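The values are calculated or read from the model by the stated rules, or taken from the named source; none is laboratory data. These numbers come from a predicted model, not from an experiment. Counting neighbours? That spans all protein chains shown, and the Cβs are built from the backbone with ideal geometry, glycine included. Accessible surface is based on the protein model in full, side chains and every heavy atom, while ligands, DNA and RNA are left aside. Shrake-Rupley method; radii C 1.70, N 1.55, O 1.52, S 1.80 Å.
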Amino acid sequence: MDYLLENVPKALDRSLEGLNRVAVIVRSMKEFAHPDQTEMTTVDLNQAIQSTLIIARNEYKYVADVLTDYGEIPQVICHGGDVNQVILNILVNAAHAIGDVVRGTTAKGQITVRTHRDEDAVVVRISDTGGGIPDTVRTRIFDPFFTTKEVGKGTGQGLAIAR
């Protein structure tokens, strides 16, 4: 009985934490997956980015910490699902670039996501501490099927889709 009294509350607390994490992921997936919208709608980009970060977490959690700096921005009219997909592709590329730099170490890189208003425009900036894009391939990064990854890794579609 003493064992149960000591361990059951801890187990219930961990179960509730797990359920809360699952609920956050499911909510994020619902927000992320805008089913094939043919018309543009108003989107809260800060919330869209936050949902996408939750979806992408498994790609970056072991290699990078994420810093967000969400500015006061208005909602924008766009295809929300397309914007989420672009942000996801860029985050995955950032995580992979950082992974290449920190591989074999205990170090972690950083992905920074900022939003702000610039006159009549809303700006989203994503930066990372990966190795960067070599000058020799910079002009090709948006070409379909172009990848700097080894054979069997990467499809070369992420940035082409983002563009």
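Mind checking the per residue accessible area of the range 75-163 for me, 1.4 Å probe, whole number of Å²?
For the range 75-163, the per-residue accessible area is 65 Å².
Going by amide H atoms built from the backbone, whose H comes under 5 Å of the H on ALA64, apart from near neighbours?
Residues meeting the criterion, in which the H sits 1.01 Å from N, are GLY109.
Using per-residue counts of other Cβ atoms within 10 Å, averaged over each peptide, order 53-64, 126-137, 107-118 from highest down.
Ranked from most to least packed, the peptides come out as 53-64, 107-118, 126-137.
Probe radius 1.4 Å, ligands and nucleic acids ignored: give me the carbon and sulfur share of the accessible area of the range 59-130 as a rounded percent.
The C+S portion of the solvent-accessible surface of the range 59-130 is 46 percent.
Convert each backbone phi in the range 62-67 into a coupling constant with the Karplus relation 6.51 cos²θ - 1.76 cosθ + 1.60 (shift: θ = phi - 60°), then list the ³J(HN,Hα) values in order as whole Hz, x for Gly and Pro.
For the range 62-67, the Karplus-derived couplings read 8, 10, 8, 9, 10, 10 Hz, x marking Gly and Pro.
Quick one: order LYS149, LYS10 from most to least accessible surface, probe 1.4 Å.
The residues order as LYS10, LYS149, largest area first.
Using 1/(1 + (r/R0)^6) with R0 = 25 angstrom and r between the beta carbons of ALA107 and LEU67, what's the FRET efficiency to the nearest 0.05?
That gives a FRET efficiency of 0.95.
Mind listing the phi-derived Karplus ³J(HN,Hα) values for the range 81-93, rounded to whole Hz, using 6.51, -1.76 and 1.60 with θ = phi - 60°, and x for any glycine or proline?
x, 5, 4, 4, 5, 4, 4, 4, 4, 5, 5, 5, 4
Within 9 Å, Cβ to Cβ, of ILE111, how many net charges do the neighbouring residues add up to if Lys/Arg are +1 and Asp/Glu are -1?
Every neighbour counted, the sum reads -2.
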